[in-house]
1. Can you check what the net charge comes to around Met60, using other residues whose Cβ is under 9 Å from the Cβ of Met60 (Lys, Arg +1; Asp, Glu -1)?
2. Taking the chain as the reference, fit the longest principal axis to its C-alpha atoms, fit the long axis of helix 64-75 to the helix C-alpha atoms, and give the angle between the two in degrees, 0 to 90, nearest 10.
3. Please work out whether segment 94-190 counts as rounded, prolate or oblate from its C-alpha gyration tensor, where a ≥ b ≥ c are the square roots of the eigenvalues and a/c under 1.5 means rounded, while otherwise a/b larger than b/c means prolate and anything else oblate?
4. Could you point to the residue in Leu159, Leu109, Ser131 farthest towards the positive end of segment 99-172's charge dipole, with +1 and -1 charges on the Cβ of Lys/Arg and Asp/Glu respectively?
5. In debye, nearest 20, what is the charge dipole magnitude of segment 1-135 about its Cα centre with +1 on Lys and Arg Cβ and -1 on Asp and Glu Cβ, if you could check?
6. Given axes a ≥ b ≥ c from the Cα gyration tensor, I'd like to know whether the chain is rounded (a/c under 1.5), prolate (a/b larger than b/c) or oblate.
7. Quick check: Cα centre of segment 98-168 to Cα centre of segment 57-81, how many Å?
8. Which order do peptides 190-197, 116-123 fall in by mean Cβ count within 10 Å, highest first?
Amino acid sequence: MVVDVLTLFPGMFEGVLTESILKIAHEKGVLDVRLHNIRDYTNDKHRKVDDRPYGGGPGMLMTPQPVIDAVEAVRGDDQEAELIFLSPQGQVFDQKIANELAGIKRLILVCGRYEGFDERILLALKPREISVGDYVMTGGEIPAMAIIDAVTRLLPNVLGDPESASNDSFQNDLLDFPQYTRPPEYRGLKVPDVLLSGNHQEISRWRNEQAIIRTRQTRADLLNNKGDST
Ligand code: 58G
């Protein structure tokens with residue numbers, strides 16, 4: 001998958017892309033993230049990318065020219081690339097959207113700054129808008145990293161064990177069941193007997209029950225969404 005990122009702060013991505021799973025995905029040739037500095041596309045002699053809102057109000061907005069020219073230059077004539085703006089006004093990102101994006105060959109992620117975008121940027125480019133949650137950040141960069149991370153781990157051959165992604169919390173609309181590793185007892189806390197029993201049918205049943213209990217306790221909305229809350 002190719003991911004083009006348009007940002008005023010490409011340096012923010014370096015650490016995230018050169019550690020752990022994202023680094024491995026890059027080394028395997030599965031993920032190619034290309035960073036583009038929106039400021040490089042400005043026609044202004046002072047390389048200005050922001051301006052004051054008409055009608056007044058606090059802060060600054062992204063001005064149309066640099067963002068639109070950057071998107072058009074990066075996209076070229078690729079009609080298939082999915083253009084995504086990170087924005088609190090967007091569709092709220094979830095595992096289903098992560099799965100959908102994992103099936104796309106090329107994503108173009110545009111990270112805003114300041115108080116947002118001049119509306120004509122959205123009217124001209126008609127991007128998909130995605131939010132990583134109902135809160136405002138100082139820029140779209142960290143939300144873009146969240147999306148790159150969640151999508152990359154779903155790409156073929158990224159995780160060592162192909163089951164690790166399909167067993168995820170949320171792939172079945174439930175939170176994860178409790179998990180234990182060695183030792184069998186730590187500070188008096190024992191691993192549940194069923195997990196040591198070797199009875200895989202009982203283990204499956206216990207895990208499913210636990211997942212449902214946990215989900216009902218803290219995320220009942222996930223059960224409600226399935227229409228089978230009780
Ligand atoms: C209002 C405020 C509109 C994504 C800020 C647009 C981006 C949160 C998310 C903005 C973001 C999220 C400017 C800063 C977008 C722009 C950016 N904050 N929840 N902030 O995914």
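Every read-out reported here was derived from the displayed coordinates using simple, explicitly stated rules and does not represent laboratory data. On a predicted model such as this, the values are computed, not experimentally measured, just so you know. For neighbour counting, all protein chains shown are included, and Cβ atoms are generated from backbone atoms with ideal geometry for every residue, glycine included.
1. Numbers: positive: Arg52, Arg113; negative: Asp50, Asp51, Glu115.
Counting the neighbours of Met60, the net charge comes to -1.
2. 60 degrees
3. Details: a/c = 3.17, a/b = 2.01, b/c = 1.58.
It is prolate, given that a/c is not under 1.5 and a/b is the larger ratio.
4. Most positive-ward Cα: Leu109.
5. 160 debye
6. Values: a/c = 2.59, a/b = 2.04, b/c = 1.27.
Because a/c hits 1.5 or more and a/b exceeds b/c, the chain counts as prolate.
7. 17 Å
8. Numbers: 190-197: 12.8, 116-123: 16.5.
For the peptides 190-197, 116-123, the packing ranking is 116-123, 190-197.
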